[in-house]
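To start, the structure itself, in structure tokens.
The values are calculated or read from the model by the stated rules, or taken from the named source; none is laboratory data. For clarity, every value in this text was computed on a predicted model and none was experimentally measured. Virtual Cβ from ideal backbone geometry, glycine too; neighbours counted across all protein chains shown.
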Amino acid sequence: MDEAGTGPDTAVAPLTYRRSLSPSRAGDFQTCPLLYRFRTIDKLPEPADPVMVRGTLVHAVLEDLFGEAAPGRTLDRAVELLPAEWEKLRTDEPRLADLFSADRAADETAWLASCVELLGTYFGMEDPRWVEPASREERVSYELPSGVTFGGIVDRLDIAPDGRIRVVDYKTGKSPHPRYEDKAMFQMRFYALVIWRTRGVLPTLLQLMYLGDGSFLTYEPDEQELIATERKLLALWGAIERAIELRDFPPRKSGLCGWCAHQARCPEFGGTPPELPLLQLAT
């Protein structure tokens, strides 16, 4: 008789793993392969973070604001949209129900006020009545001959009458120190590459809007830089495939560990990761 869990009738089918990479997951693997595994393969839940949820909420309000007729895109209207968007977000994500308990009403009020402050900063950076986005929260992707797909969701695409493309991303934090600007722009070069490959048009401007301090970070990409970005992403995907083949996603300790939700499972902090499931790449 076979031992429990090892007989032919109890064999576990491999988990099929899609050959795809987004800016967020690429960033995870570069930061810490184990974090990538926890989020992408194990899909471990993480507690709601008020700062990240605030970013999601402000993004949702700005997306809806551009659904209004241009004259109605005012700060007052954005503030009016905030409660309904917050309620919708809580309904769609049950884990947010406990973000502010009944005895933390004052915390929730202060938190919503901080959202209003970020929206006010946005209106100090541009007047949305004079902007007509070609798309909002658009999913973009393209598949390489190797079968791997690069893609993600772009906050906003602006297309000028002459065809020039501006890629816009909202950040609700503060702008990075100059030494980290290149890392911050990685996500935008990723999107620019996908747009170039799918539309055949090289984006003219990549623009990060930091609502935390009212700063812009802009970049004008060229073809050689985007080709280099593509090579980097292919090398990164190759490293991910090797990690899957070797079943080895090592932790990488850094200053970011203090914000990680998975310290209890991380060997760097005395934890033990769950058993890695059997994996097979989708064909």
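For region 176-283, the strands (runs of 3 or more DSSP E) that sit wholly inside it and include 2 or more residues that are in the same structural domain as Ile159 (by TED's automatic domain parsing) and at negative phi are 205-210, 215-219.
Mind checking which residues of region 191-239 are of a type in the set (Val, Ile, Thr), in contact with a strand residue (DSSP E or B) (Cβ under 8 Å, 6 or more places away or on another chain) and surrounded by fewer than 15 Cβ atoms within 10 Å (Cβ to Cβ)? If the condition is that a residue be of a type in the set (Val, Ile, Thr), in contact with a strand residue (DSSP E or B) (Cβ under 8 Å, 6 or more places away or on another chain) and surrounded by fewer than 15 Cβ atoms within 10 Å (Cβ to Cβ), then Thr198, Val201, Thr218 are the ones that fit.
Every residue, every condition in (1) at pLDDT 95 or above; (2) among the charged types (D, E, K, R), yes or no:
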{"site": "Pro221", "(1), (2)": "yes, no"}
{"site": "Gln224", "(1), (2)": "yes, no"}
{"site": "Thr229", "(1), (2)": "yes, no"}
{"site": "Leu236", "(1), (2)": "yes, no"}
{"site": "Arg247", "(1), (2)": "no, yes"}
{"site": "Pro274", "(1), (2)": "no, no"}
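Cβ separations smaller than 9 Å between residues 6+ apart or across chains give the following pairs from region 139-168 residues that are part of a loop (DSSP other than H, G, I, E, B) to residues that are of a type in the set (Gly, Ala, Ser): Gly147/Ala282; Val148/Ser20.
Report the residue count in region 1-32 for those that are at pLDDT 60 or above and either among the aliphatic types (A, V, I, L, M) or at positive phi (or both). Residues flagged as at pLDDT 60 or above and either among the aliphatic types (A, V, I, L, M) or at positive phi (or both) within region 1-32 amount to 4.
For region 49-74, taking the residues that are among the charged types (D, E, K, R) and in a helix (DSSP H, G or I), the one that is nearest to Leu89 (Cα to Cα) is identified as Arg54.
Looking at region 100-120, which of its residues are in contact with a helix residue (DSSP H, G or I) (Cβ under 7 Å, 6 or more places away or on another chain) and closer than 26 Å to Ser175 by Cα? Listed by number, the residues that qualify are Trp111, Leu112, Ser114, Cys115, Val116, Leu118, Leu119, Gly120. With respect to the conditions (1) under 20 Å from Thr40 (Cα atoms); (2) touching a residue at least 24 places away in the same chain (Cβ under 8 Å); (3) among the β-branched types (Val, Ile, Thr), Thr229 lacks only one, and its number is (1).
Summed over region 164-190, the residues that are surrounded by fewer than 16 Cβ atoms within 10 Å (Cβ to Cβ), over 15 Å from the mean Cα position of the chain (by Cα) and within 28 Å of Phe123 (Cβ to Cβ) give a count of 6.
Residues that are charged (D, E, K, R) and modelled with pLDDT of 95 or more were ranked within region 99-137; the one that is farthest from Pro203 (Cα to Cα) is Glu117.
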